[in-house]
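Just below is one structure, and these are the notes that go with it.
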Amino acid sequence: MLKNIGLLFTAFLLMSCYPMGTYQGPGVLPDGKETAGIGISWMTNIIGFQDSSSGKESAFLADGSLLFRRGYNHNVEAGIKLVGRPWSKGAVLSDVKWQFMQQPFKVAVDFGLSYWTEQSYTAFVGYHPTLMAGGDKLFVVAQYNYFRSRTQVLRTSDLMLGRHIKIKNSDYTLTPMLGLHHSSNNLDDLYYSLGFGFTRPLDKWSWR
């Protein structure tokens, strides 16, 4: 039972930080440009725990996120994301991305911080160094996650493949992503995910 709870909690942390490196790619917004959007993702385990009540070895999780990003000088971009309910079983995430190479393909590094809450557990703070590479459409993301609370340390890693799809005759961008996620605390914790991001320039959103 305790093992099941621990694995589910690891999966919740994976889900909360899954959007940190997703829907972005190695590109950066021009100075002063802003974008906002939503994301939704699903995650399930490839190798997981034995559910003693049903005999099934599976864990399925889903969540949504709101995101905002702004471009700055010197190929720098910053963002913030709200995952789930930040005040209860959710996370607040912020990050800064720097694009240091543009040819023959784009490469950027990103560093994120997160604060994760869960009513029955001590809150976690997360650190998320990330490497992104690719073009304007297809890109890959490699991310390492280090979580710490007053009583526990968790380490996870992500490898994701994404694609930016510009929707014709509109300002919207759809970004589907596939991910593989692993917890170093338990070699049996291996998850895969599917996510979709939907963004648009902030000044194009209608608030009325």
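Net charge of the neighbourhood of F198, taken over other residues with C-beta under 13 Å away and scored Lys/Arg +1, Asp/Glu -1, is +2. Computed extension length for I167-Y115: 15.4 nm, one decimal, from 0.36 nm per residue of separation with the Cα-Cα distance subtracted. For G25, neighbours were defined as the other residues whose beta-carbon sits under 13 Å from its Cβ, and their charges (Lys and Arg +1, Asp and Glu -1) total +3.
Binning the C-alpha pair distances of the range 119-162 at 10 Å intervals from 0 yields a P(r) profile of 25, 37, 25, 12, 1 %, listed from the shortest bin outward. Each principal axis of the Cα atoms in the range 131-191 has its own extent, and those three values, largest first, are 51, 22, 18 angstrom.
Taking θ as phi - 60° and the Karplus parameters 6.51, -1.76 and 1.60, the scalar couplings of the range 137-153 work out to 10, 9, 7, 10, 9, 10, 9, 10, 10, 10, 10, 9, 10, 5, 10, 8, 10 Hz in sequence order, x denoting glycine and proline.
Coordinate-derived values only; no laboratory data. Because the structure is a prediction, the values reported are computed rather than measured. As a convention, Cβ positions derive from the backbone with ideal geometry for all residues, glycine included, and neighbour counts pool all protein chains shown.
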